[in-house]
Protein chains: 2
Amino acid sequence: MISKKEFQRLHRSIKPYIHRTPVFSSHLLNELAGTSIFFKCENFQRAGAFKMRGATAAILNLSEQVRKKGVVTHSSGNFAQAVSLAAKNLGIPAYIVMPSSAPEVKKAAVKNYEGKITICQPTLKDREEAAEKIVKETGATFLHPSNQLDVIYGQGTAAIELLEEQPDLDLVITPVGGGGLLAGSALAVNYFGKSCECFGAEPFEVDDAYQSLKSGKIETNKSTNTIADGLKTQLGDKNFPLIQKYVSEIIRVEEDEIVSAMRLIWERMKIIVEPSSAVAFAALLREKKKFRGKKTGIIISGGNVDLSNLPF
Amino acid sequence: MISKKEFQRLHRSIKPYIHRTPVFSSHLLNELAGTSIFFKCENFQRAGAFKMRGATAAILNLSEQVRKKGVVTHSSGNFAQAVSLAAKNLGIPAYIVMPSSAPEVKKAAVKNYEGKITICQPTLKDREEAAEKIVKETGATFLHPSNQLDVIYGQGTAAIELLEEQPDLDLVITPVGGGGLLAGSALAVNYFGKSCECFGAEPFEVDDAYQSLKSGKIETNKSTNTIADGLKTQLGDKNFPLIQKYVSEIIRVEEDEIVSAMRLIWERMKIIVEPSSAVAFAALLREKKKFRGKKTGIIISGGNVDLSNLPF
């Protein structure tokens, strides 16, 4: 595991390539929640989500020899855009395997960042095979969106910045999907917080992280019927031990709580956040008795939303 | 007319009661427009719009004797909320005349800021009579949302802040409805800009300001069929002379240009802006040949949107 000093060094190394996103607060939302909330706005991050941090950290971690051959990932979401832009910033090729079912707008975003797209059948097996083929042919390095240590540490740098600005937070809440953001944030909270706890938040509909902490092994979701489309994936063997060690609790929320938390953030803070991001705020509202009077940090993970398909 | 020094003093006086809103930029929108754009985000202003500046300036301008009797306005929009909150901040009553047709959500917002609501028939005559009655009964002072000099100067302080951060802007564009924001901004640009010009932007559907500049007298809109609901009103005798003297041009835009500019801002910048605010950016896009390579400031006037009734 990375040391505190190495974590700081990693953070410094990615700074030229990422935005230092602002921390927002709202009187009204504070009143509503009964706590002081500091929203770390990764929706304003480059490529629209925190994933830019992990992608950049992972690429910078490659030797120059290896790096110049490029990077590969399979993703239909924010990580595809992040890897494309991070690779572009560092002058190397990015090979992105996308399922044929991926929306045109996502493909266009990847192309815009000069990612080289390979379309495959929309199954995990096809995606993995297509990515492996590219690795063999090009010598490019495969990047995993959430279960790779340098990616995890990169994602954790948002919490480092939040704690730099608000050093006496009592807790930090992040959404949990694949587990990269939560694991990285939990380690950051452990290193850089003063008696600060880290909580995960996920929909009841995809409560694999909650179930995994309970059973002590990585659980999978039987169905993934949630509006929080970034949170459908499961934990991995690299991030799960960090989550077990450093996360206090996973709070689960209902779908209508996600939509109403999202609407509150949009209406009151005038910022666009993804449903997945709203899950952390929904968790705070659900458990507000528990957190009353505390100083809470929330990682707003991203702002990539399809405006043609809103839940209100 | 206010002097440069007095303008600065007025700005200092309102600072404790308003947010210094951030200035945002977007690589992608810059590329699209062919200019560097600095968005002054008054959608993050208290009560969700620049109107908070003018309302606060006007109340602070009253003698203590007069002020304590309170203030009155008639509005169904952002000014009602701004006057209520500004009055609450200064510990005086705010009497708000609202038409019976005003949406519940607007009434709730005014109540939330402790404004005392009087409901009247939805005609201008009824609104004015109801306000006059309150003035007579309570001794409160009537505040006009756009045609009152201290309100106009207050609105202009957003442009002062923008020019403090970006002193070498070539132009500033604001939407124009009642004319308060445009007149105040134009005066600020004249005092605080270096060879900076001020432009107004309005929908073709309500091009009264354009027509007024052309004819040399205040014109009214025959119909007000625009999505930019904050821009339906006409200029007044206090702001029109300032607009005539200090505004270079009014740029008109089509309704579909407003919607697409609004969508671009939402999608690319991840912030919620009103249709009225998108009008200024739509004007820049429409006239992009003219402004290519320039450094442009845009006042994002507000972010109060009905999420249940979006144009996309």
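Counting Cβ atoms of other protein chains within 10 Å of each residue's Cβ and taking the mean over peptide B:268-275 gives 5. Residues in the stretch B:210-221 carry Karplus couplings, in order, of 4, 5, 5, 5, 6, 8, x, 9, 5, 9, 10, 7 Hz; the curve used is 6.51 cos²θ - 1.76 cosθ + 1.60 with θ = phi - 60°, and Gly or Pro positions show x. Taking label points 7 Å from Cα along the Cα-to-Cβ direction, residue A:119 and residue A:88 give a separation of 2.1 nm.
Between helix A:275-286 and chain A there is an angle of about 20 degrees, using the helix long axis and the longest principal axis of the Cα atoms. Neighbours of residue A:91, meaning other residues whose beta-carbon lies under 10 angstrom from its beta-carbon, give a summed charge of +3 when Lys and Arg score +1 and Asp and Glu score -1. Going by Cα centres, the stretch B:190-229 and the stretch B:76-111 are how many Å apart? That distance is 26 Å.
When Rg and the Kirkwood Rh are both derived from Cα coordinates, the Rg/Rh ratio for the stretch A:1-78 amounts to 1.10.
Against chain B, whose longest principal axis is taken from its Cα atoms, helix B:51-60 shows a tilt of about 50°. DSSP assigns beta bridges within the protein assembly as shown; of those with both partners inside it, close to 10 percent run antiparallel. Built from the Cα atoms of the stretch B:165-312, the convex hull projects on average onto 8.7 nm², one quarter of its surface area.
Distance check, please: which entries in A:68/A:136; A:217/A:245; A:111/A:232 exceed 18 angstrom between their Cα atoms? The answer is A:111/A:232. Compute the signed sum of charges (Lys and Arg +1, Asp and Glu -1) over the other residues within less than 9 Å, Cβ to Cβ, of residue A:82. Around residue A:82, the charge tally is +3. Computed from Cα atoms, the angle from the helix A:124-138 axis to the main principal axis of chain A rounds to 50 degrees.
The radius of gyration of the Cα set in the protein assembly as shown, together with its Dmax, comes out at 25.9, 84 angstrom. Shape analysis of the stretch A:52-142 based on the Cα gyration tensor places the equivalent ellipsoid semi-axes at 20, 15, 10 Å, largest first.
Legend: Rg and Dmax of chain B, from Cα coordinates, 18.2, 56 Å.
Note on chain A: antiparallel DSSP beta bridges, both residues inside, total approximately 10 percent of the bridges counted.
Treating r as the C-beta distance of residue B:64 and residue B:308 and R0 as 35 Å, the FRET efficiency rounds to 0.25.
Every number in this text was worked out from the coordinates using simple rules, so none of it is lab data. Since we're looking at a predicted model, the values are computed, not measured. Here the Cβ is made from the backbone with ideal geometry for all residues, glycine too, and neighbour counts use every protein chain on show.
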